[in-house]
Amino acid sequence: MNDKSIGLIELSSVAAGFAVADTMLKAGNVRLILSRSICSGKYMVLIGGQTAAVSAAVDAGVEAANGCLIDRFVISNVHPDVIAALGRSHPVQPEGALGILESFNVATLIEAADACAKAASVTLLEVRLAMALGGKAFCTMTGDVGSVQAAVAAGRQVIANAGVLVNAVVISRPHPDVYREVI
């Protein structure tokens, strides 16, 4: 299946998460990318597929959320680096500046990572979602200083507009030990 679009629902209940995942998968021709409990007793369901199918599945999931909906999104034409950074098992060698975005919720952070990747020539290193983070999420990226600054600014705007910004940092010349912690 060609995942041109992704959709996510973030919920305040684990039980509702299972029901919503089932509803979403039955609502359209979509692929389950990630479905799991996350810190603070929340649950997230991330799907991929063609835009119409993803939109229909997210709408069905919202209806099934029974008051447990925290956030949701559909991103059409998602940047391929976002999917790669979500499941990064082989670290990318970082070069240049390091950018970090941190959000109080998962959904907005993924939207911000997509905005970063589309705004400038950066490589997303990792998108980490709410595991051992108290429900927060963060992403890291690398590239030349100007590109990382532009990307972080674009992502920061997405997160700030949603009111869930924790922090946004650009380190122009990170110490090699800092990069070792990232990868």
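PRO174 falls short of the stated requirement of being at pLDDT below 95, in a loop (DSSP other than H, G, I, E, B) and crowded, with 20+ Cβ neighbours inside 10 Å. LYS118 fulfils the conditions (1) buried (at least 19 other Cβ atoms within 10 Å of the Cβ); (2) in the same structural domain as GLY163 (by TED's automatic domain parsing) except for a single criterion, (1). Within the range 25-41, being surrounded by 20 or more Cβ atoms within 10 Å (Cβ to Cβ) and touching a residue at least 40 places away in the same chain (Cβ under 8 Å) holds for one residue alone: ILE38. Among the candidates THR140, THR123, the residue that is in contact with a Ser or Thr (Cβ under 8 Å, 6 or more places away or on another chain), within 23 Å of PHE73 (Cα to Cα), at pLDDT 90 or above and among the hydroxyl-bearing types (Ser, Thr, Tyr) is uniquely THR123. The residues in the range 67-106 that are modelled with pLDDT of 90 or more, over 18 Å from ALA151 (Cα atoms) and either assigned to a loop (DSSP other than H, G, I, E, B) or not charged (D, E, K, R) (or both) can be counted, and the count is 8.
Candidates are the residues of the range 8-43 that are part of a strand (DSSP E or B) and touching a Ser or Thr at 6+ places or on another chain (Cβ under 7 Å); the one that is nearest to PRO80 (Cα to Cα) is TYR43. Taken as a whole, the structure places THR142 among residues that are closer than 15 Å to ALA84 by Cα, of a type in the set (S, T, N, Q) and buried (at least 20 other Cβ atoms within 10 Å of the Cβ). All conditions in (1) at pLDDT 95 or above; (2) more than 30 Å from GLY41 (Cα to Cα); (3) touching an Asp or Glu at 6+ places or on another chain (Cβ under 8 Å) hold for ALA151, with the sole exception of (3). From the list ALA130, ALA168, ALA160, the lone residue that is out of contact with any Leu (no Cβ under 8 Å at 6 or more places or on another chain) and at pLDDT 95 or above is ALA160.
For the range 1-20, what are the residues that are surrounded by 24 or more Cβ atoms within 10 Å (Cβ to Cβ) and closer than 11 Å to ALA65 by Cα? Result: ILE9, GLU10, LEU11, GLY17, VAL20.
The values are calculated or read from the model by the stated rules, or taken from the named source; none is laboratory data. Source: prediction; values computed, not measured. Every residue, glycine among them, receives a Cβ derived from its backbone with ideal geometry; neighbour counts consider all protein chains shown.
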